[in-house]
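S.K.: Let me give you the structure first, and then I'll get to my questions.
Each value in this text was obtained by applying a stated rule to the coordinates, not by laboratory testing. Model, not experiment: these values are computed from the prediction. Here the Cβ positions follow ideal geometry from the backbone for every residue, glycine too, while neighbour counts run over all protein chains shown.
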Amino acid sequence: MTDNERQTIKQLRHSNQITQQELAKELAVKQSTVWRWENDKVKVSFSNRRALCKLFVVEPREVSWPREE
């Protein structure tokens, strides 16, 4: 994950006033997983990228994510 991708998750979350815990619940992942995404400890899966885009109503190209892995 690039710095841009990592910051994008945090920016989207903050701009929508969602905590890591709330985002985790929406995506059915652990809060620690969201923390790991934002701190570059683990890569966001394609399915979670898609879920993030759907949740935040953005296109993958708007957040610099490839459409496919």
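S.K.: If I model a spin label at Lys10 and Glu22 as a point 7 Å from the Cα along the Cα→Cβ vector, what separation in nanometres do I get?
M.R.: 1.8 nm
S.K.: What distance in nm lies between label points placed 7 Å from Cα along the C-beta direction at Trp35 and Arg61?
M.R.: Once both label points are built, they end up 3.7 nm from each other.
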